[in-house]
Amino acid sequence: MTVAAGAPAGATGSKSDGVSDSVGGVDLRESADDRTFRAEVRSFLEDGLGGEFAAVRGRGGPGDEGALFAERQAWERHLGAHGWTCVGWPKEHGGRGLSLRQQVIYHEEYARARAPGRLGIIGEGLLGPTVIAFGSPAQQRRFLPPIVAGEELWCQGYSEPGAGSDLAGVATRAERDGDEWVITGQKVWTSLAHWAQWCFVLARTAPVADPGRRHQGISYLLVPMDQPGIELRPIVQLTGDSEFNEVFFDRARTAAANVVGEVGGGWRVAMGTLAFERGASTLGQQLNFRNELDAIVAVARRNGAAGDPAVRQRLARAHIGLEIMRLNALRTLAGTESGALAPAAMITKLYWGTFHRGLGELAMDVRGAEALTSVPETDALARLFLFSRADTIYGGSNQIQRTIIGERALGLPKEPPAATGNKEPR
Ligand SMILES: Cc1cc2nc3c(=O)[nH]c(=O)nc-3n(C[C@H](O)[C@H](O)[C@H](O)COP(=O)(O)OP(=O)(O)OC[C@H]3O[C@@H](n4cnc5c(N)ncnc54)[C@H](O)[C@@H]3O)c2cc1C
């Protein structure tokens with residue numbers, strides 16, 4: 001969309017510079033309505049971040065998640081009060097009902113304004129859409145409004161010491177006790193658990209003897225975090241921050257009604273959540289990466305690294321990488337007029353994770369020897385380098401992404417389970 005931002009919509013086709021205004025027959029130029037919408041988002045963000053919320057501008061990004069919690073919580077509530085959370089959710093569930101196109105404009109403007117990292121990202125991006133798709137009306141009434149209002153934060157209890165890529169290996173158990181489930185086990189790498197009021201937990205509710213059917217008998221439970229049966233241990237990361245945690249459940253409890261989907265049928269729900277994790281929410285993020293590349297170019301100009309032809313080539317390659325990401329977002333959008341993401345969207349996570357890790361390496365190389373003394377607490381490029389090591393792991397590692405592309409986008413034969421022990425890659 002930003003290809004032609006500001007250009008009037010009219011006849012589609014090739015321009016004199018050879019760049020097409022349309023992909024797959026869909027006009028990508030910004031309409032008058034899109035431009036009005038972009039101006040509305042920009043002005044709302046400028047009002048807040050230029051005034052009362054100036055302190056949170058540029059804070060809370062990767063590696064800086066611990067920054068200014070109270071101030072960012074106030075920002076979440078400010079967004080919620082003005083209808084700027086959950087912008088892609090349907091209106092009947094409290095969202096803004098934006099088209100995918102307008103969601104991308106929103107995320108682009110959010111990044112352009114250097115608005116803070118979102119505390120509510122897991123509730124808004126993962127749990128909320130899952131409850132909308134699979135939850136009961138009672139669950140929707142209970143759990144969606146506090147997410148929209150920026151009042152309740154969520155964390156994702158999937159991974160365990162013995163279950164990461166091989167998610168069907170979850171060993172956390174839940175047993176029925178009257179009107180409650182009793183949960184025992186351990187999760188790991190649980191992002192933002194120390195702030196969350198709720199966790200969506202994958203737990204085994206029925207044993208399965210056949211290893212080939214391990215994805216059966218798992219349930220998707222909504223569990224309150226503030227209770228004696230839950231202990232958190234923060235994990236200190238390379239950045240010095242503790243964005244994620246170990247979470248121990250020792251006879252923790254939740255109401256029997258807090259199962260999303262069928263008891264024992266949580267695998268389908270869990271896969272639905274992962275599709276949201278890898279889906280539309282990442283389409284606008286190249287603007288965040290653009291801000292980072294601009295900062296790297298500024299360093300290269302200042303310290304003379306830009307005089308080195310090899311550095312100039314790498315900077316140019318990074319610029320091209322961002323353009324490819326943007327054009328792929330456009331291509332994806334062109335295939336989503338019906339609401340479903342195109343198979344091409346499956347390359348998004350693999351591409352941006354690999355790109356971003358490389359951008360962190362470029363930042364350090366441009367810095368040169370000075371990088372050795374930079375401190376992540378006060379240095380955004382050092383945080384970029386250190387945290388982006390994780391980009392090719394979380395949300396499904398690069399290897400797993402390649403398997404997904406091979407099997408689901410290209411229709412190649414399934415990975416033989418005996419080769420890996422994995423039945424269902426994340
Ligand atoms: C910053 C960060 C935040 C995270 N936040 C959360 C969170 O909030 N909640 C949560 O539940 N989890 C979270 N995770 C965990 C994340 O989902 C897992 O790390 C990821 O799924 C990989 O699992 P693993 O770490 O157990 O590695 P493993 O699955 O043990 O993989 C180890 C290596 O083997 C490779 N491998 C494994 N299986 C295959 C295969 N079949 N074919 C080819 N290669 C394979 C992997 O690609 C990887 O390189 C987070 C991780 C990070 C880094």
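The values are calculated or read from the model by the stated rules, or taken from the named source; none is laboratory data. Since we're looking at a predicted model, the values are computed, not measured. Counting neighbours? That spans all protein chains shown, and the Cβs are built from the backbone with ideal geometry, glycine included. Side chains included, ligands, DNA and RNA excluded: accessible areas come from the protein's heavy atoms. Shrake-Rupley method; radii C 1.70, N 1.55, O 1.52, S 1.80 Å.
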(request) Using every pair of alpha-carbon atoms in the chain, split the distances into 10 Å bins beginning at 0 and state the percent of pairs per bin, rounded to integers. (result) 4, 20, 30, 28, 14, 4, 0, 0
(message) Expected output is a single nm value to one decimal: the length gained when fully extending between S43 and E151, i.e. 0.36 nm times separation in residues minus the C-alpha distance. What is it?
(response) 36.5 nm
(message) Please compute the volume of the convex hull spanned by the alpha-carbon atoms of region 141-256 and report it per residue in Å³.
(response) 117 Å³
(message) Could you order the peptides 349-356, 310-317 from most to least packed, using the average number of other C-beta atoms within 10 Å per residue?
(response) 349-356, 310-317
(message) Report the Rg/Rh value for region 38-84, based on alpha-carbon coordinates and the Kirkwood definition of Rh.
(response) 0.98
(request) Answer rounded, prolate or oblate for region 251-321, using the Cα gyration tensor with square roots of eigenvalues a ≥ b ≥ c: rounded when a/c is under 1.5, else prolate when a/b is larger than b/c, else oblate. (result) prolate
(request) Let me know the charge dipole size of the chain about its Cα centre in debye, to the nearest 20, where only the beta-carbon of Lys, Arg (+1) and Asp, Glu (-1) is charged. (result) 780 debye
(request) Taking the dipole about the Cα centre of region 97-167, with the C-beta of Lys and Arg at +1 and of Asp and Glu at -1, give me whichever of G164, L98, G128 is farthest to the positive side. (result) L98
(request) With +1 on each Lys and Arg Cβ and -1 on each Asp and Glu Cβ, and nothing else charged, work out how big the dipole of region 206-309 is about its Cα centre, in Debye to the nearest 20. (result) 240 debye
(request) Give me the net charge of P228's neighbourhood, meaning all other residues with Cβ under 15 Å from the Cβ of P228; Lys, Arg count +1, Asp, Glu -1. (result) -2
(request) Tally up the carbon and sulfur contribution to the accessible surface of the chain as a whole percent, 1.4 Å probe, everything protein left in place. (result) 55 percent
(request) Work out the length of the dipole vector of region 138-185 about its Cα centre, built from +1 on the beta-carbon of each Lys and Arg and -1 on the beta-carbon of each Asp and Glu, and round it to the nearest 20 debye. (result) 160 debye
(message) Please compute the modelled spin-label separation between H82 and Q313, points set 7 Å along Cα→Cβ, answer in nm with one decimal.
(response) 4.7 nm
(message) Need the full-extension length gain, S242 to D33, defined as separation in residues times 0.36 nm minus the C-alpha distance. One decimal, nm.
(response) 71.0 nm
(request) Work out how much length R251 to L372 would gain on full extension: take 0.36 nm times their residue separation and subtract the Cα-Cα distance, in nm to one decimal. (result) 38.9 nm
(request) Compute the accessible area per residue over the chain, keeping the other protein chains in place, probe 1.4 Å, unit Å². (result) 44 Å²
(message) Between V208 and N291, how high is the FRET efficiency from 1/(1 + (r/R0)^6) when r is the Cβ-Cβ distance and R₀ = 35 Å? Nearest 0.05.
(response) 0.15
